[in-house]
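Report on the structure given below.
Bear in mind that the values in this text are calculations on the coordinates, not laboratory data. Everything quoted here is computed from the prediction, not taken from an experiment. FYI the Cβ positions are ideal-geometry reconstructions off the backbone, even for glycines, and counts take in every protein chain you see.
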Amino acid sequence: MTKIKITLVGAGSRSFGPSSLRDILLSDPLNENGLHVVLMDKVAEHLTDIAAYAPFLRKKLGREAQISSTTDLEAAVDGADFVITAIDVQRFLRWTQDFHVPRRYGFHQVFGENGGPGGLFHALRNMGPMIDIARAMERLCPRALMLNFSNPEHKLCESVSRLTSVKSVGLCHGVFMGIHQIATILGMPADDVDGAACGMNHFTFFQRIRHRRTGEDLYPRLRSAEREGDWLSDWHEIGLARILFRRFGLWPSPAANHYGEYIRWAEEFVASELQYFYDPADGHPWETGNVPEFVYSLSGDATTRPWRRTNPEPKHWEQADIRPSGELAVPIMEALACGVPRVLEAVNIPNRGAIPNLPDDMIVEAPASADAAGLRAHEMDPLPEGIAALLRTQASIHRLLVEAFAEQSKDKLLQALLLDPTVDSYRRAVECVEEMMRLQADVLPPLR
């Protein structure tokens, strides 16, 4: 076996870079026959910490892997076997715009990261860089696999799938959040819960929930336990899940503030006003540069705090635990490059019949298996029609958005926006698009 080349694009990320490098160097199969890891980021300063962490980690683990860093995308992907991507454009500053501007026009989206009007603009900002990476791969490593962690996962994977010849797999740990919720409700260890969920990234439903050791169908116990639960228990995470479960019959994942992005009436169940709270009388974040604190969830008692808080010193990379992250990039690479069979709880790939009543070319999230022969999605049952209908609307939005990017078409963007469940006014939709295009002109593709 020849040396395996793995390129991390966006390696300067404080979470993705170190955790991905740890996972790769912890893998015995990947390191067995020689390994070259390239750390790539567009901004040289972002590579400083990860470039210093790499030799420390290599020595700590006793590995001989070659590790290099660069800001040159073409040099980074040239001859790569795998290209792992985790990119974003001014993530938190732009996210404040994605979240607040559509709400000013009356579109009460939740989160604004992957769905809703905000999710459309988040996707458009990242499509350009993602397609640039894919085009470089077409030229310099056409047989390589792209493993993507960038959001909006489904929309970006859709763009790579429709506009390039690159094979890509989108990865997310959301299904594990759903399994932990189920285990908590049932009062059992998460390791004892075997679940199979499918649908769309951040909007999947468990078709199977079983006891891993006995094979018992756990759905009857879950239905009974859910009915007994206090309504306010972990409300921000699962209040909406319980309603979806009661009305549509399957437990969703990963959490209310994710699948709530695709449901018009989700606002009743998610306290999303707090996500990027600021006093507008003091000026907007994109005018002042003061990005407010991002509150992911209220479940950690985010509102119960001392009057005056001090920010803890950031943890240095030398203090980080050296253990696997649980993400699926390394298991996939071990399977494809080293022939180690793996069952994967969730991958994002073109449907190709895996979920029978969703469009064949839609990017779906489903369980899969991988080995030296390739990666194959598991065949799932048709989803209940109510769930499938919700997902098919999003499939059309994704397709129109990719066409808007490829054709530089403002009309296609408006079509996608007008399909979104949170949009209830044509006039305000047009005005919202105009303002977002003005605010993000330097990072959006040109639209005519």
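Would you work out the relative contact order for region 305-448, in percent, from Cα pairs under 8 angstrom that are 6 or more residues apart? Mind dumping the intermediate values first?
Details: 155 pairs, mean separation 21.1, N = 144.
Rounded, it is 15 percent for region 305-448.
Give me the percent of DSSP beta bridges within the chain that run antiparallel, rounded to the nearest 5. Numbers along the way, then the final one.
Details: 24 of 47 bridges.
DSSP beta bridges in the chain are roughly 50 percent antiparallel.
Of (i) -0.37, -1.11, -1.33; (ii) -0.46, -1.32, -1.51; (iii) -0.80, -1.27, -1.37, which is the value of log10 I(q)/I(0) by the Debye sum over Cα atoms at q = 0.08, 0.13, 0.14 Å⁻¹ derived from the coordinates here?
After the calculation, the listed value that fits is (ii).
Obtain the nm distance between the two label points defined at Ile322 and Arg448 by a simple spin-label model: each point lies 7 Å from its Cα along the Cα-to-C-beta direction.
5.6
Which of the helices in the chain meet the span-like rule: DSSP H, Cα axial reach of 30 Å or more, Kyte-Doolittle mean at least 0.0? Walk me through the intermediate numbers first.
Details: long enough: 116-140 (35 Å, 0.09); 385-407 (32 Å, 0.53).
What comes out of the filter, once short or polar helices are dropped, is 116-140, 385-407.
At 222 nm, what value in deg cm²/dmol follows for the chain if DSSP H runs of at least 4 each add -39500 (n - 2.57) and the sum is divided by all its residues, to the nearest 500? The partial results should precede the final answer.
Details: 16 runs with 187 residues, N = 448.
About -13000 deg cm²/dmol.
Once a ≥ b ≥ c are taken as the square roots of the eigenvalues of the Cα gyration tensor of region 290-448, is the result rounded (a/c under 1.5), prolate (a/b larger than b/c) or oblate (a/b not larger than b/c)?
Oblate shape, in that a/c is at least 1.5 and b/c is the bigger or equal ratio.
Identify which of Arg162, Arg139, Arg305 has the largest mean-square fluctuation in a Gaussian network model of the chain, with springs joining Cα atoms closer than 10 Å.
Largest GNM mean-square fluctuation: Arg305.
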